[in-house]
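Read the structure below first, then the notes.
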Amino acid sequence: MLNERYMIDGNPEAKGTLYSYTTVFSPIHELEEFSPYIIGLVKLESGKMLLAQLTDCTEEELSIGMEMEMVVRKIREKGPRGLILYGYKFRPAKEL
Amino acid sequence: MKVEVAGIGCIRAGERWDKSARDLFKEASAKAFEDSGLKSVDLLIASNMALPQYTDQNNVGSYLSDDSFPAFRVESACSSGGAALHAAWLAIKSGEYDSVMVAGVEKMTDRTTQMNTHILAGASDFEKEAFYGASFVSLNALIARRYMHEYKAKEEDLLLFSVNSHKNALNVPHAFFQKQVSLEDCLKSPYVSSPLRLLDCSPVCDGSAAIILTKEGLVKKEEKITLEASAIGQDTIELARRPDPLTITAGARSFKKASAKSGVTVRDIDVFEVHDAFSIMAALDLESIGVAEKGKGYKLAQEGQIALDADFPVSTSGGLKARGHPVGATGVYQAYDAVLQLRGQAVHQVPDAEVALCHNIGGSGSMVAANIFRRVR
């Protein structure tokens, strides 16, 4: 399993609290196969706010203000033979 | 030198599969010409957000005008109409043009829901928002959920704006929806992006509206109506980069400027054509104007303060929600509705309407155009 902790721990750009979230039922192009999915706004420890998909959770498990951590995930594919684009998503912060 | 309204015209927003964007423009503009008594104008400023994506047509000004008059398009997503009004106001105020037609057109219904989702995401920051999966509705949903959390608003409170809009569209010939909706109907509608439901959101539709503005005195009218002031306010395009995602700062800025230019304050305004693309936007728009304090906008509908006979009549012909939201044309429809009220010709007339505000929001709040119309006695 990918050890993501080295990217997250001690990094104020990789941790934050959940500002808001929503489940998208009408997906954006190239994300149809993942629909419905959840996106959210996360207020980072560094002060910045980021918009990203929320992963490894259901909407019921989310609440405004909860601790979130950044992970690297596949965002989209450019068709069956095209580039796979990776980026950041957030998941509920794991208790260590 | 004042800028005057010489004529208005529009078509009923709807599913016009039999007509091209050019046909829709011809219908609306013909009505505006007839209303004005003019045969032509010095300039056409077209407002449209996405004809290239909806029908592969660029060069929109020329597409609409052909060789009738000089023409070009102004685009700022959902506030294209308001921005085009601003451009026309500048053109006439500068003394370079005596008469300008502002015509909005949008042709949305030849594309599937999925394609519309993609095209409308262009109003947001595509690289930073749509790329990660945010549809345009979902950005408004993020705002709505946080707003409800911070200010203890409920879904019902926001949906009352939709109920108000539908009520005001009843029997309005140019309104897309002419059916009332109850709060129960709204609450039964499915989530599009939680917590926003179908009935929180304005419809996809085709439409065209036109208004002819002229220099003072060019056309003799029974009622003298001026575009008293026009101003643009700006903020970041990306929602996450706004210092406060729950404030439409661009709207506060645009209204402040328009207010300063015209001397018109919130209390002077009789008609509020706000940007109710989504119920949450109506509430926030009213807060940005100063009709309600921050975080209290949602109470306005609940307390009956936005009704036609109340202090702050909102969306008097149904607004974006019920009259329709053919995106690039909307700002011009707002002007049409405002002028009808000021002429005393609205189906649901605000008694003795003298000043109307049109507030047109682009994107999730990146730019707002404020246009204040006044009837001069």
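Values in this text are rule-based calculations from the coordinates and carry no lab data. All figures in this text were calculated on a predicted structure; none of them were measured in a lab. Because the Cβ atoms are built from the backbone with ideal geometry, glycine has one as well, and the counts that use them run over all protein chains shown.
Summary of computed values
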read-out: Spherically averaged projected area of region A:5-92 from its Cα convex hull (nm²); value: 6.0
read-out: Distance-filtered residues of region B:275-304 - backbone nitrogen under 13 Å, label point 7 angstrom along B:K154 Cα→Cβ; value: B:302
read-out: ³J(HN,Hα), Karplus 6.51/-1.76/1.60, whole Hz, each residue of region B:238-248, x for Gly, Pro; value: 7, 4, 5, 8, 7, x, 9, x, 9, 10, 8
read-out: Inter-centroid distance (Cα atoms) of region B:1-54 relative to region B:233-250, Å; value: 31
read-out: GluC sites (Glu not before Pro) within region B:4-60: DSSP coil, no more than 14 neighbouring Cβ in 10 Å; value: B:E15
read-out: Region B:268-321: C-alpha gyration tensor shape, a/c 1.5 cut-off, then a/b vs b/c; value: rounded
read-out: Charge context of B:E293, other residues only, Cβ under 12 angstrom, K/R +1, D/E -1; value: +2
read-out: Helical mean residue ellipticity (222 nm; -39500 (n - 2.57) per DSSP H run of 4+; nearest 500) of chain B; value: -10500 deg cm²/dmol
read-out: Cleavage-rule hits, GluC sites (Glu not before Pro), region B:152-227, DSSP coil, Cβ neighbours within 10 Å at most 14; value: B:E216, B:E222, B:E223
read-out: Cα-based equivalent ellipsoid, chain B: semi-axes from gyration tensor eigenvalues, Å; value: 29, 23, 19
read-out: Mean-position separation - Cα centroids, region B:70-144 and region A:37-96, in angstrom; value: 29
read-out: For region B:265-377, convex hull of alpha carbons as volume per residue, Å³; value: 95
read-out: Cross-link pairs B:K257/B:K296; A:K48/A:K94; B:K299/B:K321; A:K74/B:K188 - those with Cα-Cα distance over 27 Å; value: A:K74/B:K188
read-out: Area projected by the alpha carbon convex hull of the protein assembly as shown, averaged over all directions, nm²; value: 22.7
read-out: Spacing of the two label points (7 Å from each Cα toward its C-beta) at B:R377 and B:E223, in nm; value: 1.4
read-out: Most mobile listed residue (B:V327, B:V41, B:V105) in chain B, GNM with C-alpha springs under 10 Å; value: B:V41
read-out: Built amide H within the under 5 Å cut-off of B:I306, gap 5+; value: none
read-out: Debye log10 I(q)/I(0) for region B:1-100, one point scatterer per Cα, at q = 0.11 Å⁻¹; value: -0.33
read-out: Förster radius 35 Å - calculated FRET efficiency between B:R241 and B:V266, Cβ distance, rounded to 0.05; value: 0.80
read-out: Sparse-neighbour loop sites [GluC sites (Glu not before Pro); region B:47-152; at most 16 other C-beta within 10 Å; DSSP]; value: B:E96, B:E127
read-out: Longest segment of chain A lacking trypsin sites (Lys or Arg not before Pro) that sit in a DSSP loop with at most 16 other Cβ atoms within 10 Å; value: A:1-47
read-out: Residue-span extension gain [B:S20 to B:L183] - 0.36 nm each, minus C-alpha spacing; value: 55.1 nm
read-out: Point-to-point label distance, A:Y86-B:D56, nm (Cα→Cβ direction, 7 Å offset); value: 3.9
read-out: Where N is the number of residues in region A:37-80, Cα Rg divided by 2.2 N^0.38 Å; value: 1.31
read-out: Net charge of Cβ neighbours under 12 Å - reference B:H118; Lys, Arg +1; Asp, Glu -1; value: -1
read-out: Whole-Hz ³J(HN,Hα) from phi, Karplus 6.51 cos²θ - 1.76 cosθ + 1.60, for region B:62-76, glycine and proline x; value: 5, 4, 7, 7, 6, 10, 5, 7, x, 8, 7, 9, 10, 9, 8
read-out: J(HN,Hα) series, region B:123-128, from Karplus relation 6.51 cos²θ - 1.76 cosθ + 1.60, nearest Hz, glycine and proline x; value: 7, 9, 7, 4, 5, 9
read-out: Residue order, fewest to most beta carbons within 10 Å, for B:I269, B:I143, B:I248; value: B:I269, B:I143, B:I248
